[in-house]
Amino acid sequence: EGQPPPPPGYQEMPSLGPDWLYNRERDLYLNREAKKYYVRDAAINELCELGVGRDLTSNISVVGDASACATSSGASSKHVIINDLHRAAASMKLDFSHHDSPAAMFAVYDGKPNSALAEGAAKSLHVRLLPRLAQHRGNWDNERLEATVSDCIQNLAVELGSQAGLNLAVVLLLGGRLVLAAAGGAACLVFGRDGGDGGMDDDEVASDGPDVATTCVILEDSHVGALLVTNGVRTAPGMTGTRLRSLVRGHVAATRPRAACISLLGEARRAGAEPPLVAAAVRFTWTDPEAPAPKKAKLEASRLTKVRCRHILFRHSGSTGQLDRGKPKATRSVLEAEEALLRLLPELAMGGPSAFTTRCKKDSDCDTKLRGGELAGDLGWLDKDPAKS
């Protein structure tokens, strides 16, 4: 009894055996007996099973943000935040379906000693890394992931003409795995809920020279977040791994990654670190899909179309809006303004609306603070549709 005809798009591959078919358009092999798809691994020139990415978004979600401070001359460090690599790959017309979800990339690039080099690396690394991750459509082991990230960093240093390598830190998330990479004095730190030295969930990678240091971390639901810092922050007096984690853990756990970075950079500068500086923080949020659903609120947040908003506004030296016309130029930097606002958070959280009103009337630089009573700082109703606000 003969074999059934090949599916549309496939042709017989007798050189591999009677059960093998090949789809030239998709560059995909099919074994009829095993009912499995295969791709050719260019690194070893052998067939391997086609990878199928797992969707873990019902278990884990990720969000990251960053903050930087430049020198008075404008030299700056850079950061890149890509919270959805699948979407980024699709925009580049790359097949990323063999990688798990969620997938994200976070990186910081040191502006010392060359801010132009940091800018070039920030624009280029992810553009080179994504095609490499898309190229092999089989399953990726940890060693291959680490080697690919390291190769991309080293090759980019050569392309940019940097004999001393690149000064950067990179965190690559693929499902439940983190690839950490660092070079030139930068560091990546992973941390859990608990503080103290040697926590079970603590992991890190750092490099003091041009060589790229890498490691792969398997995430557990006790992991809270990750931190990326460049050499200036990492080597500031007193900035041990334990200290770095303790400075950002609270904000990251509250899903305020940018606030974590602002607070950290302020502490680093007070400890003696000189700009340009940059830090990025990542929050992992875990969900148990088996847990019973919480009771529904009277009105679900997703159904809200309008919210009433009040604010406290601090001007800074870079402010150029209508609010600043006819007023003395602010002297504090944007980082100092952000730090000052962050210092208000504990007081406002503990004191509620009355504490907000008191602080707004006393400190806000917006004329809305002059409104009476609980309307101090009131911006009115904001619509979910920005065009209606």
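Filtered by the rule that a residue be surrounded by 10 or more Cβ atoms within 10 Å (Cβ to Cβ) and hydroxyl-bearing (Ser, Thr, Tyr), segment 1-31 gives Tyr10, Tyr22, Tyr29. At least 2 residues being under 20 Å from Leu264 (Cα atoms) is the threshold, and among the strands (runs of 3 or more DSSP E) wholly inside segment 178-245 those reaching it are 187-192, 203-206, 223-229.
Restricting to segment 49-68, name every residue that is assigned to a strand (DSSP E or B) and open to solvent by 30 Å² or more (accessible area, probe 1.4 Å). Glu49, Leu50, Asp55, Ser61, Val63, Asp65, Ala68 - these are the residues of segment 49-68 that are assigned to a strand (DSSP E or B) and open to solvent by 30 Å² or more (accessible area, probe 1.4 Å). The set of residues in segment 362-389 being surrounded by 13 or more Cβ atoms within 10 Å (Cβ to Cβ) and on the phi > 0 side of the Ramachandran plot consists of Gly377 alone. When residues in segment 101-114 are screened for being open to solvent by less than 20 Å² (accessible area, probe 1.4 Å) and in contact with a Gly (Cβ under 8 Å, 6 or more places away or on another chain), 5 of them pass.
Restricting attention to segment 338-361, which residues are small (Gly, Ala, Ser) and surrounded by 13 or more Cβ atoms within 10 Å (Cβ to Cβ)? Once the filter is applied, which keeps residues that are small (Gly, Ala, Ser) and surrounded by 13 or more Cβ atoms within 10 Å (Cβ to Cβ), segment 338-361 yields Ala340, Gly351, Ala355. Looking across segment 19-36, the residues that are of a type in the set (Lys, Arg) and either in a loop (DSSP other than H, G, I, E, B) or closer than 19 Å to Leu133 by Cα (or both) come down to Arg24, Arg26, Arg32, Lys35. Inspection of segment 69-79 finds a residue satisfying the criterion of being open to solvent by less than 40 Å² (accessible area, probe 1.4 Å), within 18 Å of the chain's Cα centre (by Cα) and of a type in the set (Ser, Thr, Tyr).
Restricting attention to segment 198-208, does a residue exist that is farther than 26 Å from Val149 by Cα and either under 19 Å from the mean Cα position of the chain (by Cα) or open to solvent by 10 Å² or more (accessible area, probe 1.4 Å) (or both)? Yes, segment 198-208 contains a residue that is farther than 26 Å from Val149 by Cα and either under 19 Å from the mean Cα position of the chain (by Cα) or open to solvent by 10 Å² or more (accessible area, probe 1.4 Å) (or both). Considering the conditions (1) open to solvent by 40 Å² or more (accessible area, probe 1.4 Å); (2) among the aliphatic types (A, V, I, L, M); (3) farther than 22 Å from Leu173 by Cα, Met92 is excluded by exactly one of them, (3). Listed conditions (1) assigned to a strand (DSSP E or B); (2) among the β-branched types (Val, Ile, Thr); (3) under 30 Å from Arg332 (Cβ atoms) are all met by Val39, apart from (3). In summary, Leu16 fulfils each of the numbered conditions (1) of a type in the set (A, V, I, L, M, F, W, C); (2) over 30 Å from Arg177 (Cβ atoms); (3) in a strand (DSSP E or B) with the single exception of condition (3).
Does Ala349 satisfy the condition of being under 28 Å from Arg270 (Cα atoms) and at pLDDT 90 or above? No, not satisfied. Taken over segment 80-89, residues that are open to solvent by less than 30 Å² (accessible area, probe 1.4 Å) and over 14 Å from Leu228 (Cβ atoms) amount to 3. The residue list Ala43, Ala34 contains one member that is free of Cβ contacts under 8 Å to residues at least 60 places away in the same chain and either open to solvent by less than 90 Å² (accessible area, probe 1.4 Å) or closer than 30 Å to Glu336 by Cβ (or both), which is Ala34. Number of residues in segment 243-274 that are open to solvent by 20 Å² or more (accessible area, probe 1.4 Å) and not small (Gly, Ala, Ser) equals 11. Within segment 82-91, the presence of at least one residue that is in contact (Cβ under 8 Å) with a residue 24 or more places away in the chain, under 30 Å from Ala337 (Cα atoms) and touching a helix residue (DSSP H, G or I) at 6+ places or on another chain (Cβ under 8 Å) is confirmed. Scoring Gly272 on the criteria (1) assigned to a helix (DSSP H, G or I); (2) without any contact (Cβ under 8 Å) to a residue 40 or more places away in the chain leaves a single failure, condition (1). The criterion of being part of a loop (DSSP other than H, G, I, E, B) and within 22 Å of the chain's Cα centre (by Cα) holds for Asp95. Take the residues in segment 115-161 that are among the polar types (S, T, N, Q) and in contact (Cβ under 8 Å) with a residue 40 or more places away in the chain, then tell me which one is least open to solvent (accessible area, probe 1.4 Å). In this case the residue turns out to be Ser150.
Would you confirm whether or not segment 195-215 contains a residue that is in contact with an Asp or Glu (Cβ under 9 Å, 6 or more places away or on another chain), modelled with pLDDT of 95 or more and either hydroxyl-bearing (Ser, Thr, Tyr) or within 22 Å of Asn59 (Cβ to Cβ) (or both)? Yes, that holds for at least one residue.
The values are calculated or read from the model by the stated rules, or taken from the named source; none is laboratory data. All values derive from a computational prediction rather than experimental measurement. With ideal geometry, Cβ positions are generated from the backbone for all residues, glycine too; neighbour counts draw on all protein chains shown. Protein only, heavy atoms only, side chains kept; ligands, DNA and RNA dropped before computing areas. Shrake-Rupley method; radii C 1.70, N 1.55, O 1.52, S 1.80 Å.
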